[in-house]
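These notes are about the structure you will find just below.
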Amino acid sequence: MRLMWFHLMPYTELPAGFRDKHPSVWVDIHSSLFDPRRAHHMYNDFMDELEYAAECGFDAICVNEHHSNGYGLMPSPNLIASSLARRTADTAICVMGNSLALYNPPTRVAEEFAMIDCISGGRLIAGFPVGSPMDTCYAYGQNPSTLRERYHEAHDLILRAWTDKDTFAFNGRYNQQRYVNIWPRPVQNPHPPIWVPGGGSVETWRWCAEMDYVYCYLSYYGYKIGKATMDGFWNEMDSLGKDRNPYRAGFLQFVGVGESRQHAMDLYAQSAEYFYGNCLHIDARFAAPPGYATEVTQRKGLQSQVAKASEYADKFNTLAREMDAIVENGYVIVGSPDEVAEQLHEVATNLNVGNLMMLLQFGNMSKELTRYNTRMFAQHVTPKLKSLFSEWEHRWWPQPMDVSLRAAVPAYTPGQLAAE
């Protein structure tokens, strides 16, 4: 089992009554709500938390890309990942990921990911999301009907840039470059492992199978609702003749560990209610632009969780926002270490997922509480889960340089140079 520490970097100080006074946390959230001086502390706390997770022994630390929102403050996850590459030693760095269709030219992704792979000594997992409709179609103005075509063309250009030894010309529908010859090149050969976060589209499942990529379901709503999506994925793998290697899949789960279930409920209630009350307050205008979901996916009756968040919360008021309901519905797993380990074992086996990404910081959780949650998980939950799926080979994990060949990290600490 691979146990990974995921950070959304949410804005932690949205005002009381936010969802009643503002139409959306995404796209047109008012700039007056953002305080750069407070964000200075948030960013540094968030990066400290990621480094702490690496120190605690998590297999990977994960970041991702979003725009124009208070849900996640990482328009450039590569900036965060480059710092983490210099400040961590052995942990894999999962950038989940770069929304390929937004980069002009996409060789920018090839270059920056190659830089991160070089700085880290070959520890990068390269995430290639299509991107949420809020980020891609509204914040960045992409046409939803051509988004997936742009994505696939960008993917092809990036892979060729990583693997072609000679300078080449690329003449696509959306990208034309006379000279493609990226420097630097990634450490990992032929390239870093590619993981694809998705919301449940049939085409993404099939494409992951065709390309032999890891499919990751980054669920807001936990394992109970996520099971339908993961069952669909594995059924598609069966129909395509693929094996059920659990490392083909990743799943995101919110987790809060305490001394007991009640202790955990008390510790994490405010953070969970902040997240589900504010961070998923998405106006229906931005959730499902025409052309974003493919015809095959629509015919299957599959709906993105973004659309669910906006539709259920605003029209039917069925999205759980109180702690008791949040936990009852499985959005957040809480309890003592033994209880959490038992539930996550059930999640991993029922969903057949070998890469579990934990959100151990969510909503407005403080740095101190995040470190407590992280430490409790690492010390008392991880040992109970690590041996799961040990009979399977993980073919999609980074292959770093030998430790003896790598540069010394972490980076210098303040005062160290002067002392020397």
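The values are calculated or read from the model by the stated rules, or taken from the named source; none is laboratory data. What you see is a predicted model; the values in this text were computed from it and never measured. Positions of Cβ are generated from backbone atoms using ideal geometry, with glycine treated the same way; all protein chains shown enter the neighbour counts.
Listing for the model above:
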quantity: Number of positions in the stretch 35-86 that are hydrophobic (A, V, I, L, M, F, W, C) and free of Cβ contacts under 8 Å to residues at least 24 places away in the same chain; calculated: 1
quantity: Filter result for the condition that a residue is of a type in the set (S, T, N, Q) and modelled with pLDDT under 95, over Ser99, Ser132; calculated: Ser132
quantity: Hits in the stretch 276-287 (condition: of a type in the set (Phe, Trp, Tyr) and under 14 Å from Leu359 (Cβ atoms)); calculated: Tyr276
quantity: Subset tally (residues that are under 24 Å from Met1 (Cα atoms), in contact with a helix residue (DSSP H, G or I) (Cβ under 9 Å, 6 or more places away or on another chain) and of a type in the set (Gly, Ala, Ser)) for the stretch 250-263; calculated: 2
quantity: Candidate set from the stretch 17-51 (those that are under 30 Å from Phe377 (Cβ atoms) and either at pLDDT below 95 or touching a Gly at 6+ places or on another chain (Cβ under 7 Å) (or both)); member that is surrounded by the fewest Cβ atoms within 10 Å (Cβ to Cβ); calculated: Arg19
quantity: Within the stretch 1-26, tally of residues that are touching a strand residue (DSSP E or B) at 6+ places or on another chain (Cβ under 9 Å), among the charged types (D, E, K, R) and part of a loop (DSSP other than H, G, I, E, B); calculated: 0
quantity: Matching residues in the stretch 347-369 - criterion: being in contact (Cβ under 8 Å) with a residue 12 or more places away in the chain and assigned to a helix (DSSP H, G or I); calculated: Val347, Ala348, Thr349, Asn350, Leu351, Lys367, Leu369
quantity: Residue that is surrounded by the most Cβ atoms within 10 Å (Cβ to Cβ) [pool: residues in the stretch 247-275 that are in contact with a Leu (Cβ under 7 Å, 6 or more places away or on another chain) and under 25 Å from Asn355 (Cα atoms)]; calculated: Gly256
quantity: Strands (runs of 3 or more DSSP E) completely within the stretch 84-173 that count 2 or more residues being surrounded by fewer than 17 Cβ atoms within 10 Å (Cβ to Cβ); calculated: 168-171
quantity: Residue pairs meeting the criteria (Cβ under 6 Å; at least 6 apart or on separate chains; first closer than 11 Å to Gly354 by Cα, in the stretch 370-394; second among the polar types (S, T, N, Q)); calculated: Trp392/Asn245
quantity: When residues of the stretch 172-182 are limited to those that are free of Cβ contacts under 8 Å to residues at least 60 places away in the same chain and not basic (Lys, Arg), the one nearest to Trp162 (Cα to Cα); calculated: Asn181
quantity: Selection count, the stretch 360-375, where residues are of a type in the set (A, V, I, L, M) and surrounded by fewer than 21 Cβ atoms within 10 Å (Cβ to Cβ); calculated: 1
quantity: Residues of the stretch 330-359 that turn out to be touching a Leu at 6+ places or on another chain (Cβ under 9 Å) and either surrounded by fewer than 19 Cβ atoms within 10 Å (Cβ to Cβ) or among the small types (Gly, Ala, Ser) (or both), as a count; calculated: 5
quantity: Checklist (1) in a loop (DSSP other than H, G, I, E, B); (2) among the aliphatic types (A, V, I, L, M); (3) in contact with a strand residue (DSSP E or B) (Cβ under 6 Å, 6 or more places away or on another chain) applied to Ala53, failing item; calculated: (1)
quantity: Among residues of the stretch 224-238, those that are farther than 11 Å from Gly200 by Cβ and either in contact with a Gly (Cβ under 6 Å, 6 or more places away or on another chain) or surrounded by 24 or more Cβ atoms within 10 Å (Cβ to Cβ) (or both), counted; calculated: 1
quantity: Those residues of the stretch 64-83 which are surrounded by 24 or more Cβ atoms within 10 Å (Cβ to Cβ) and small (Gly, Ala, Ser), in sequence order; calculated: Ala81
quantity: Tabulated pairs, the stretch 154-168, first among the basic types (Lys, Arg), second in a helix (DSSP H, G or I), C-beta under 9 angstrom, 6+ apart or interchain; calculated: Arg160/Ala110
quantity: Residue ID - nearest to the chain's Cα centre (by Cα), chosen from residues in the stretch 83-113 that are more than 27 Å from Cys137 (Cα to Cα) and not β-branched (Val, Ile, Thr); calculated: Ala92
quantity: Subset of the stretch 81-96 [touching a strand residue (DSSP E or B) at 6+ places or on another chain (Cβ under 7 Å) and closer than 17 Å to Ala114 by Cβ]; calculated: Ala81, Leu84, Ala85, Ala92, Ile93, Cys94, Val95
quantity: Yes/no for Tyr71 being hydroxyl-bearing (Ser, Thr, Tyr), outside any helix (DSSP H, G or I), under 19 Å from the mean Cα position of the chain (by Cα) and farther than 30 Å from Ser387 by Cβ; calculated: yes
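Conditions (1) more than 21 Å from His7 (Cβ to Cβ); (2) crowded, with 21+ Cβ neighbours inside 10 Å; (3) without any contact (Cβ under 8 Å) to a residue 12 or more places away in the chain, marked per residue:
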{"residue": "Ser201", "(1), (2), (3)": "yes, yes, no"}
{"residue": "Arg206", "(1), (2), (3)": "yes, no, no"}
{"residue": "Tyr213", "(1), (2), (3)": "yes, no, no"}
{"residue": "Gly222", "(1), (2), (3)": "no, yes, no"}
{"residue": "Leu240", "(1), (2), (3)": "yes, no, no"}
{"residue": "Asn245", "(1), (2), (3)": "yes, no, no"}
